[in-house]
Structure formats: structure tokens, C-alpha cells
Amino acid sequence: MASASLTLLSPLFSTTWKSSLKLRRISNANHASMQENIDSKRQVQRREIFIKGLTMLPAVVFGGGAPIAEAREVEVGSYLPPSAADPSFVVFKASPKDTPALRAGNVQPYQFLIPPTWKQTRVANILSGNYCQPKCAEPWVEVKFEDEKQGKVQVVASPLIRLTNKPNASIEEIGNPEKLIASLGPFVTGNSYDPDELLQTSVEKRGQQTSKARVKGSIHLAKKASYYKYVLETPFALTGSHNLAKATAKGSTVVLFVASANDKQWSTSQETLRAMLDSFQV
């Protein structure tokens, strides 16, 4: 009888055992899947923390110039000298320590006046030209400054070869003011350029290029540098609805100074922005 009972119970025992084993395998699979999800989420969190950490590092790690603390929180009046001509401004003179292009010798030192309350902002590495020096094919941003109430300015440099095949060409040899802004307009507005947005152009001669040179007994004065100046009304520009620009060519580069403001800023700061534009020189 015992043997018969065991024989009758065996199939039930076998089925129950197999079901239990199947459930255990499913449970283990679910557990493994849940663990993978947890591990995946942890990896994402670690990446996010790492990226956030990178953004807090000084910009010099990325070759982008001044540390973030200097670039975003310190007023330029705390470290730049006052202008002798106008004490209400300070003087920014770019040097090789400021940008990758200056260190590479692709851009000649430039300077301009700036209100002491403005702050320098960090230029992203991808925009700074750091990755392509000394042979960049496209324009790059040199430096940027801004003030929440007055506007912002930036210096953009473009390889001369992008605009003309003539080496060391003057800005007049590249073309007239309209031709130049047609090429560089998107770097003024931050997105696109429409010729109808151009309100005014002018040509300015300035600089201290008056060194004397003797040729066959006569004395010649070197030509002063020419600058193209622009006034633009740009309602769809990323930089602002009002833009002033000034460009010159020197060496292998065209250097463009841009002052931008929205409508509210422009109403109170346009004279300040014009003074900054007028002071720019290479």
C-alpha cells in the first residue's frame, strides 16, 4: 500500500517541484532585471554628477581663458586700469594670456574701453577656436563681456583666407563694407543676416601706424588702419534687437567687435555702447 501511495503521489510532487523551480527562475530573472535597471540608473546619476562637476571647474582646464569665478562674478573695474581719456571707463587690452588665438599669433592684440561694472563671461571651448588653432577655417569668439542693464560685447575673429585669397590684405582689398558684413553678418546676429537690417555703414581711419621709413632718400608715412563700422536693427537676432559692429583686417585675420542690446537696454545705454565701439582698435 505504501508503494502504491508513493506511486500515485509522485506525478503531483514532480509537477509541484517543476512549478516551484519555474517560479524561482522567473523571480531570479525579475530580480536580475531590476538590478540592471538600478545599476543603469546609478550610472546615469554618476554621469550627471560628473558633468555637473565639470561645469564647476575653472575654464582654464578647457583652454577657455579666465576661471568662471573671474569671468562671471568680478566686475572688470576691480582689475582693469581706468581710461586716461575718460575715467568713467576702464581699458581692456588683450594679451597672449587671454585667448588661444593670441597665444598662437593668429590675432594681433586689440583693446577697447568698457564700463567698470561690466563682467567678463566665459567663452565655450567649442567657440573659442582653441580646438583648431593655429589653423582655423571658421570664425571664432575671442572674448565676451556683458552687463544685465546695458548689453553685451564680443570680439569675433575670422581667418582672412575665408574672405579673400590675397595674403595680408587690407580690409578695403577684401571688399566694400556691404560685402564684408554679408559674410560676417551671422556672427554679429548669432543666427542669420538680412541686408535690410543694415541701417548705416561708415569707414574710419585710425591707429598709430605713422612710423617713418626712408626710401631713396624720402620719408614715407605708413597708412593708418581702416575700420568698417555698422549700425544694424535686428529684430530676430539672438544677440539682441540692436547691434553695432566694427571690423578691420590685420595680418591673417579680420577682427570684428560687436556691441548688442535689446530694446530696453538700448534705450538707456546706446551712447555707452557707441563709445565702446568707437574705442575699439587693433
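So here's what we get for this one:
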| item | result |
| --- | --- |
| Selected residue (only one of S88, S40 is modelled with pLDDT of 60 or more and out of contact with any His (no Cβ under 6 Å at 6 or more places or on another chain)) | S88 |
| Which numbered condition A213 misses (of (1) of a type in the set (G, A, S); (2) at pLDDT 95 or above; (3) assigned to a strand (DSSP E or B)) | (2) |
| Test result for L184, over 27 Å from G77 (Cα atoms), in the same structural domain as V254 (by TED's automatic domain parsing), at pLDDT 95 or above and part of a strand (DSSP E or B) | no |
| Single condition G240 does not satisfy, out of (1) part of a strand (DSSP E or B); (2) of a type in the set (G, A, S); (3) farther than 20 Å from K179 by Cβ | (1) |
| Conditions (1) part of a loop (DSSP other than H, G, I, E, B); (2) modelled with pLDDT of 95 or more; (3) surrounded by 15 or more Cβ atoms within 10 Å (Cβ to Cβ); number of the one not met by F112 | (1) |
| Every pair of residues 6+ apart whose Cβ atoms lie under 7 Å, when the first sits in segment 138-152 and is under 23 Å from Q265 (Cα atoms) while the second is aromatic (F, W, Y) and surrounded by 15 or more Cβ atoms within 10 Å (Cβ to Cβ) | F145/W118; E146/W118; D147/W118; K152/F145 |
| Residue within segment 56-76 that is at pLDDT 95 or above, in the same structural domain as P159 (by TED's automatic domain parsing) and either surrounded by 15 or more Cβ atoms within 10 Å (Cβ to Cβ) or of a type in the set (F, W, Y) (or both) present | yes |
| So G129, is it touching a Phe, Trp or Tyr at 6+ places or on another chain (Cβ under 6 Å) and either crowded, with 21+ Cβ neighbours inside 10 Å or at negative phi (or both) | yes |
| One residue from E138, E142 being in a loop (DSSP other than H, G, I, E, B) and in the same structural domain as G185 (by TED's automatic domain parsing) | E138 |
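The values are calculated or read from the model by the stated rules, or taken from the named source; none is laboratory data. Keep in mind the model is a prediction, meaning the values are calculated, not measured. Please note: Cβ atoms are built from the backbone with ideal geometry, for glycine as well, and neighbour counts cover all protein chains shown.
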